[in-house]
Amino acid sequence: MKKILALALVMAAAATAASAEGILDIYGGSMNFLPTSTLNNADLCGGGSCTPVSGLQWSELTGVHQKASATGGFRVGGLTKTDHFSYGAAFNLQAYGVKEQESYYTTGPSSYRSNPGGTVLQPGGDLILGIPLRFLRLYGGAGLNMPIMFYDYQTYDKSTNSTSQGVGSSATLGYDFFFGGRILLTEHFNLFLEDRFSGIFMPIAAKDSVLASNGEVTNGTLVINSLNANAIVGGIGFAW
């Protein structure tokens, strides 16, 4: 009986010390990518036939740089707070652009690829651990996500007639980890600054076609081997 009473008192104390709240964060900032390598595959179409381009059958380019990108998104979830720390989970949706910095030739000076890539929407789930101070919240966490790249493309047949034009997509699995701090403005509103790191477990690909001045077409595929990036974001948070 004493043991049961003691357990009940411990549980009551824990329930009193802990409180749950919902969170909604809206953020924006800048994203910078680490150099990567790409695989390129290309077929030259014209004169009624398509021929694999010599030297561009899954050839690898190393040290490829991507343009810095604006990024933004939102996070919604819940936190449980105790006297000394907080913990919880959230759904996070982030968006950013992926564009190669280099323009490189595929068949000659009159035919080249320029800034291939697309726009990435990255839904995922994060685990969050924080330290609550009086007017400041320090926190960090990690999670898994699914980057989905959307890109414009046009394909041509062996007679260089356009066969389709639209938006393609490609997806992979990724991860992120982050740390940041919040300044409490009121009980429900706060401002935060966050450092986010992200990457992918498997490559991601985009179709790419180039129409040369001589009427020939290069149909290709660009495979990006990594999306390792660092983003500094800031935003406003709402808690209830």
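Are any residues in the stretch 43-52 farther than 14 Å from Leu222 by Cα and either out of contact with any Lys or Arg (no Cβ under 6 Å at 6 or more places or on another chain) or open to solvent by less than 40 Å² (accessible area, probe 1.4 Å) (or both), and if so, which ones?
First pass over the stretch 43-52, keeping only residues farther than 14 Å from Leu222 by Cα: 44-52.
Selection gives Leu44, Cys45, Gly46, Gly47, Gly48, Thr51, Pro52.
For beta carbons closer than 7 Å, sequence separation of 6+ or different chains, a first residue in the stretch 59-71 that is in contact (Cβ under 8 Å) with a residue 12 or more places away in the chain and a second that is among the acidic types (Asp, Glu) and assigned to a strand (DSSP E or B), the qualifying pairs are Val64/Glu100; Gln66/Glu100.
When you check Asp176 against the structure, is it at pLDDT 90 or above and crowded, with 16+ Cβ neighbours inside 10 Å, yes or no? Show your work before the answer.
Details: at pLDDT 90 or above: yes; crowded, with 16+ Cβ neighbours inside 10 Å: yes.
Against the criterion (at pLDDT 90 or above and crowded, with 16+ Cβ neighbours inside 10 Å), Asp176 qualifies.
Any residue at all in the stretch 39-54 that is part of a strand (DSSP E or B), under 30 Å from Ala95 (Cβ atoms), of a type in the set (S, T, N, Q) and modelled with pLDDT under 90? Yes: the stretch 39-54 contains one or more residues that are part of a strand (DSSP E or B), under 30 Å from Ala95 (Cβ atoms), of a type in the set (S, T, N, Q) and modelled with pLDDT under 90. Where residues in the stretch 99-155 are surrounded by fewer than 17 Cβ atoms within 10 Å (Cβ to Cβ) and at positive phi, which of them is modelled with the highest pLDDT? Here the residue is Asn115.
Within the stretch 179-199, being in a strand (DSSP E or B), open to solvent by 30 Å² or more (accessible area, probe 1.4 Å) and over 30 Å from Leu222 (Cα atoms) holds for Phe179, Ile183, Leu184, Phe189, Leu191, Leu193.
The values are calculated or read from the model by the stated rules, or taken from the named source; none is laboratory data. These numbers come from a predicted model, not from an experiment. Virtual Cβ from ideal backbone geometry, glycine too; neighbours counted across all protein chains shown. To get the accessible areas, we keep the full protein, side chains included, count just its heavy atoms, and leave off ligands, DNA and RNA. Shrake-Rupley method; radii C 1.70, N 1.55, O 1.52, S 1.80 Å.
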